[in-house]
Amino acid sequence: QQKVQQSPESLSVPEGGMASFNCTSSDRNFQYFWWYRQHSGEGPKALMSIFSDGDKKEGRFTAHLNKASLHVSLHIRDSQPSDSALYFCAASADTGYQNFYFGKGTSLTVIP
Amino acid sequence: GPKVLQIPSHQIIDMGQMVTLNCDPVSNHLYFYWYKQILGQQMEFLVNFYNGKVMEKSKLFKDQFSVERPDGSYFTLKIQPTALEDSAVYFCASSLDRTANSDYTFGSGTRLLVI
C-alpha cells in the first residue's frame, strides 16, 4: 500500500490562475512534509517544507498541513508557464534519518 | 546552488552484466541516499549511507545491490548481476545532517535500461 497518495494525477490551469495539489498519508509516524518540483530531465528540487499544523506561505506558494487528518496541500497563485512540471509530496518520520516517502506526483500544465 | 552530479545520465546494459552508477554529492554533505523510480511510479527509498556504512536500507535494496564511497570519491551504487526489473531512474541525494531542516539535494538521475 502506498504510504503517500497524491491527487489529482494531472492538472491544467490558465496563466495567472491558481493551482492546487493534495496529498494524504496513511502513516501516522510521518511528522515532516515537503513539496518537490521536477522539471523534465532534472532531479526533484525542494519547493517548501511544512512541519506544523496550519499554513506556510513563501511567495506565490502556500502549503497547508493538518496533522490530525495527515493531509497536506500546496497552492500556487498567479501560476506561470515556468511552473509547468511534476509536483511531488514527500514525507518522513522522526526516525533519525531523513528517508523520504514520495507520492506519485501531479503533472501541472500552465497554459499561456 | 550546490549540486549533486550523477554519471552517467543514461546507461543501457545487458541483463546479467554489472553496472555502477556514480554520484558526486554536495561537497560538505555527510549523508548519502539512493532512490529508485520506475516509469509512472513514485520515487522509492533504497538505501542511506553515512561514515562509510549503510545505515538503513529498504526491501527494494536487493542482495545484488551494493553501495560504497571509497576515500571520499564518488558515492556508487553497484548492481551485480542486473535484472530486467532493475530498469528505472536512480536518483542520488545528499544531506548535511539528519535533521528535518537539513539541506537535502537530489541529482538529475541515471536512467538505466536493462535489456
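All of the numbers you see were taken from the coordinates with simple rules; none came from a lab. Since the model is a prediction, treat every value here as computed from it, not as a measurement. Because the Cβ atoms are built from the backbone with ideal geometry, glycine has one as well, and the counts that use them run over all protein chains shown.
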Practice task
Normalising by the residue count of chain B, find the relative contact order in percent from Cα pairs under 8 Å and 6+ residues apart.
Solution key: 38
Exercise for the section: Report the residue, chosen from B:Phe65, B:Phe75, B:Phe91, that carries the largest GNM mean-square fluctuation when chain B is represented by alpha-carbon nodes joined by springs under 10 Å. Expected result: B:Phe65
Problem - Fraction of antiparallel bridges per DSSP, the protein assembly as shown only, in percent to nearest 5 - result: 90
Completion exercise
Relative contact order in percent for chain A (Cα pairs under 8 Å, 6+ apart) equals 38
Completion exercise
The pairs in A:Lys3/A:Lys57; A:Lys3/A:Lys67; A:Lys3/A:Lys104 lying past 19 Å Cα-Cα in this model are A:Lys3/A:Lys57
Practice task
Report, as an integer, the average count of C-beta atoms from other chains found within 10 Å of each Cβ along A:7-17.
Solution key: 0
Completion exercise
Of all stretches in chain B that avoid trypsin sites (Lys or Arg not before Pro) placed in a DSSP loop and having at most 16 other Cβ atoms within 10 Å, the longest is B:4-58
Fill in the blank from the handout: Sorted largest first, the Cα spans of region B:41-115 on the principal axes come out in Å as 39, 28, 23
Fill in the blank from the handout: Within 10 Å of the Cβ of an average residue in B:99-109, the count of other chain Cβ atoms is 5
Completion exercise
Treating only Lys and Arg (+1) and Asp and Glu (-1) as charged, each at its beta carbon, one finds that chain B has a dipole about its Cα centre, in Debye to the nearest 20, of 100
Problem - Inter-chain shielding of A:98-106 (mean C-beta neighbours from other protein chains, 10 Å cut-off) - result: 6
Practice task
Divide, for the protein assembly as shown, the radius of gyration over alpha carbons by 2.2 N^0.38 Å, where N is the residue count.
Solution key: 1.02
